[in-house]
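Undergrad: Sending over a structure as structure tokens; questions will come in a sec.
The values are calculated or read from the model by the stated rules, or taken from the named source; none is laboratory data. Computed from a predicted structure; not experimentally measured. Using ideal geometry, Cβ is built from the backbone for each residue, glycine included, and neighbour counts are taken over all protein chains shown.
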Amino acid sequence: MESTGLTRTSLFEAHRAAGGKMVPYAGYEMPVSYAGLVEEHHAVRNDCGMFDVSHMGEFRVTGREALNLIQWISSNDASTLVPGKVQYSCMPNGQGGIVDDLLVYCISSEEFMLVVNASNRQKDWDWIQANNQWDAQVTDESDSWSLIALQGPNAAAYLRPLTPDTPVDTMGYYTFNQGRVGGKACLISATGYTGAGGFELYLKNEDAPAIWAALFEAGVPPCGLGARDTLRLEAGFCLYGNDISDETSPLSAGLGWITKFTKDFVDSKRLALEKEAGSEKILRGLSVTERGIPRKDYLIENAAEEVIGIVTSGTSSPTLGHGIALGYIDKSHAKIGETVFIRIRKNAIPAEVMRPGFLKK
């Protein structure tokens, strides 16, 4: 097979054998779908499915002052973490925007793992190194890890037979165990990016194909990045490069809950002033019940056809059967329940403003 110049994960041959449609993504050759986006989406939402997300980056931070570094570069308060806990956070960029969003794993008081977006791996690495003024060592382990996201309400039932020594049924959300899956050493994390529950399995590259095959044989269908995107959008999760970026503040993006002013961090003073004054634009969910699918960069208007915002992510929700979107709206029109209009081609389609997250709890 001809080389594409793209990086391939340890599961590439498994994707090809299962009929995965491969596309370029963040420098990798990744499956966008297998049986079809809608079928894969429903499998995860109603039962279980698995994704190869080995393109994600993993940095290990160790040393006496590892926590000091993490506290400075991230907006959330990592001092509340204890071993076995995970935290969602973001890295402000010193200019009011976001370098990246990430997960922080607390291995011990002097060891953490940061999981970052594949497209930002080099940028994140450079940013962390430039801000490291402490006795902390940072190692890029991204090329050593494979990551399988086993997602869906029945994920534990599929994982349980492979993890006799880890009580996956009782693991709390945003916790992890370092155990074994199918006899292979694995960091088992009760996290995910679908809003359907489940686990993320961090494995050494050489061990991942056997675990993927075992789950496949147990009846778990492989799913591609297409379904991963529609699932995360239904759940109201931000996607870096769309809904958050170097130009969007965490407060404007609705990430005030991971922006803690109980400590000093990059941009803490600037963001504290923004919190006091209020953000000019706010990221909102948009529910479209008339015919039309909102897409990224479509304009949002008021009843007078004045532009008041822009769509950052949009799709037709497989679960709900109608269009949904995320977008930034002028704060004067961002009231929950207000009707705005998305310009879809020549038509102004009404949409209800809501908080991100379109599924009933």
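Undergrad: Please verify whether the range 45-52 includes one or more residues that are surrounded by fewer than 17 Cβ atoms within 10 Å (Cβ to Cβ) and closer than 26 Å to Tyr158 by Cβ. Let's see the steps before the verdict.
TA: Narrowing the range 45-52 to residues surrounded by fewer than 17 Cβ atoms within 10 Å (Cβ to Cβ): 46.
Now restrict to residues that are closer than 26 Å to Tyr158 by Cβ: 46.
Yes, because at least one residue in the range 45-52 is surrounded by fewer than 17 Cβ atoms within 10 Å (Cβ to Cβ) and closer than 26 Å to Tyr158 by Cβ.
Undergrad: Pick from the range 139-153 the residues that are over 24 Å from Asn93 (Cβ atoms) and more than 19 Å from the chain's Cα centre (by Cα): which of them is surrounded by the most Cβ atoms within 10 Å (Cβ to Cβ)?
TA: Narrowing the range 139-153 to residues over 24 Å from Asn93 (Cβ atoms): 143-153.
Right, trim to more than 19 Å from the chain's Cα centre (by Cα) and you get 143-144.
Details: Asp143: 11, Ser144: 13.
By that ranking, first place goes to Ser144.
Undergrad: So which of Glu40, Glu29 is in contact with a strand residue (DSSP E or B) (Cβ under 9 Å, 6 or more places away or on another chain), over 30 Å from Asp135 (Cα atoms), surrounded by fewer than 21 Cβ atoms within 10 Å (Cβ to Cβ) and acidic (Asp, Glu)? It would help to see each step written out before you state the result.
TA: Working: Glu40 fails: surrounded by fewer than 21 Cβ atoms within 10 Å (Cβ to Cβ).
Just a single option satisfies the conditions, and that option is Glu29.
Undergrad: Let me ask another. Looking at the range 1-48, which of the residues that are in a loop (DSSP other than H, G, I, E, B) and of a type in the set (Ser, Thr, Tyr) is nearest to Glu206 (Cα to Cα)?
TA: Here the answer is Ser10.
Undergrad: So Phe59 clears everything in (1) surrounded by fewer than 17 Cβ atoms within 10 Å (Cβ to Cβ); (2) within 29 Å of Leu225 (Cβ to Cβ); (3) of a type in the set (A, V, I, L, M, F, W, C) except one condition, right? Which one?
TA: (1)
Undergrad: Taking the range 315-334, which residues are over 13 Å from Glu280 (Cα atoms) and either among the acidic types (Asp, Glu) or assigned to a loop (DSSP other than H, G, I, E, B) (or both)?
TA: Matches in the range 315-334: Ser317, Pro318, Thr319, Leu320, Gly321, His322.
Yes/no matrix, rows are residues, columns are (1) assigned to a loop (DSSP other than H, G, I, E, B); (2) farther than 29 Å from Arg121 by Cα; (3) not aromatic (Phe, Trp, Tyr):
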residue	(1), (2), (3)
Asp143	no, no, yes
Leu147	no, no, yes
Leu150	no, no, yes
Pro153	yes, yes, yes
Leu159	no, yes, yes
Asp169	no, yes, yes
Tyr173	yes, no, no
Gln178	no, no, yes
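Undergrad: Would you point out the residue of the range 189-216, among those that are among the aromatic types (Phe, Trp, Tyr) and outside any loop (DSSP other than H, G, I, E, B), that is surrounded by the fewest Cβ atoms within 10 Å (Cβ to Cβ)? Before you say what the answer is, go through the steps one by one.
TA: Filtering the range 189-216 for residues among the aromatic types (Phe, Trp, Tyr) gives 193, 199, 202, 212, 216.
Now drop any that are not outside any loop (DSSP other than H, G, I, E, B), which leaves 199, 202, 212, 216.
Numbers: Phe199: 26, Tyr202: 25, Trp212: 25, Phe216: 15.
So, considering only residues that are among the aromatic types (Phe, Trp, Tyr) and outside any loop (DSSP other than H, G, I, E, B), the one surrounded by the fewest Cβ atoms within 10 Å (Cβ to Cβ) is Phe216.
Undergrad: Quick one: count up the residues across the range 282-314 that are buried (at least 20 other Cβ atoms within 10 Å of the Cβ), part of a strand (DSSP E or B) and under 23 Å from the mean Cα position of the chain (by Cα). Give the steps one after another, and end with the answer.
TA: Pass one, the range 282-314, residues buried (at least 20 other Cβ atoms within 10 Å of the Cβ): 282-286, 288, 292, 294, 298, 300, 308-309, 311-314.
Add one more test, that the residue is part of a strand (DSSP E or B), and what stays is 282-286, 288, 300, 308-309, 311-314.
Going one step further and asking which of them are under 23 Å from the mean Cα position of the chain (by Cα), we end up with 282-286, 311-314.
The total comes to 9.
Undergrad: Tell me, yes or no, whether the range 130-138 has at least one residue that is under 20 Å from the mean Cα position of the chain (by Cα), among the aliphatic types (A, V, I, L, M), buried (at least 17 other Cβ atoms within 10 Å of the Cβ) and modelled with pLDDT of 95 or more. Outline the logic, then answer.
TA: Narrowing the range 130-138 to residues under 20 Å from the mean Cα position of the chain (by Cα): none.
For the range 130-138, residues under 20 Å from the mean Cα position of the chain (by Cα), among the aliphatic types (A, V, I, L, M), buried (at least 17 other Cβ atoms within 10 Å of the Cβ) and modelled with pLDDT of 95 or more: absent.
Undergrad: How many residues are in contact with a Pro (Cβ under 6 Å, 6 or more places away or on another chain) and farther than 16 Å from Asp297 by Cβ when one looks only at the range 335-358? I'd like the intermediate steps shown before the answer.
TA: Quick first cut of the range 335-358, residues in contact with a Pro (Cβ under 6 Å, 6 or more places away or on another chain) only: 339, 341-342.
Going one step further and asking which of them are farther than 16 Å from Asp297 by Cβ, we end up with 339.
Residues in the range 335-358 being in contact with a Pro (Cβ under 6 Å, 6 or more places away or on another chain) and farther than 16 Å from Asp297 by Cβ: 1 in total.
Undergrad: Next question. Which residue pairs have Cβ atoms under 7 Å apart, sit 6 or more places apart or on different chains, and have a first residue in the range 121-134 that is touching a residue at least 40 places away in the same chain (Cβ under 8 Å) and a second that is small (Gly, Ala, Ser) and not in a helix (DSSP H, G or I)?
TA: Here the result reads Arg121/Gly57; Asp124/Gly57, each pair linking the range 121-134 to a residue that is small (Gly, Ala, Ser) and not in a helix (DSSP H, G or I).
Undergrad: All but one of (1) surrounded by 15 or more Cβ atoms within 10 Å (Cβ to Cβ); (2) in a loop (DSSP other than H, G, I, E, B); (3) β-branched (Val, Ile, Thr) hold for Ile70, so report the exception by its number.
TA: (2)
Undergrad: Return the residues of the range 217-238 that are assigned to a loop (DSSP other than H, G, I, E, B) and either touching a Leu at 6+ places or on another chain (Cβ under 6 Å) or under 24 Å from Ala35 (Cα atoms) (or both); say none if nothing qualifies.
TA: Answer for the range 217-238, where residues must be assigned to a loop (DSSP other than H, G, I, E, B) and either touching a Leu at 6+ places or on another chain (Cβ under 6 Å) or under 24 Å from Ala35 (Cα atoms) (or both): Ala218, Gly219, Val220, Pro221, Cys223, Gly224.
Undergrad: Tell me which of these Gly219 doesn't satisfy, since it passes every other one: (1) over 13 Å from Leu150 (Cα atoms); (2) surrounded by fewer than 20 Cβ atoms within 10 Å (Cβ to Cβ); (3) small (Gly, Ala, Ser); (4) touching a residue at least 60 places away in the same chain (Cβ under 8 Å).
TA: Gly219 satisfies all of (1) over 13 Å from Leu150 (Cα atoms); (2) surrounded by fewer than 20 Cβ atoms within 10 Å (Cβ to Cβ); (3) small (Gly, Ala, Ser); (4) touching a residue at least 60 places away in the same chain (Cβ under 8 Å) except (1).
Undergrad: Here's something else I'd like to know. Quick check on Asp264: is it at positive phi, acidic (Asp, Glu) and either over 18 Å from the mean Cα position of the chain (by Cα) or part of a strand (DSSP E or B) (or both)? Step through it out loud before you land on a result.
TA: Values: at positive phi: no; acidic (Asp, Glu): yes; either over 18 Å from the mean Cα position of the chain (by Cα) or part of a strand (DSSP E or B) (or both): yes.
So Asp264 fails the test.
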